[in-house]
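Worksheet for the structure shown next.
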Amino acid sequence: MIVLGLILLIIGFVAKIAILWTIGIIVLVVGLILLALGMAGREIGGRRHWF
């Protein structure tokens with residue numbers, strides 16, 4: 001999700017499309033939250049690892 005968020009941010013910035021920029025930020029933040037929870041050892045959605 002982090003990579004997808006970065007790609008959307010770059011495309012939104014280059015093409016000047018505000019909705020892609022906004023969606024990219026949201027996806028990036030959600031990806032970082034899931035990464036932090038996964039690294040802390042918490043189960044996410046009933047799974048210990050997201051891969």
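The values are calculated or read from the model by the stated rules, or taken from the named source; none is laboratory data. The structure presented is a predicted model; accordingly, all values stated were derived computationally and were not measured. No Cβ is skipped: glycine too gets one built from the backbone with ideal geometry, and neighbour counts run over all protein chains shown.
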Criterion: at pLDDT 90 or above and loosely packed, with under 14 Cβ neighbours inside 10 Å - qualifying residue of VAL27, VAL14: VAL14
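Considering only region 6-20, state which residues are of a type in the set (A, V, I, L, M, F, W, C) and part of a loop (DSSP other than H, G, I, E, B). Spell out how you get there, then give the answer.
Within region 6-20, the subset of a type in the set (A, V, I, L, M, F, W, C) is 6-11, 13-15, 17-20.
Within region 6-20, ILE17 is the sole residue that qualifies.
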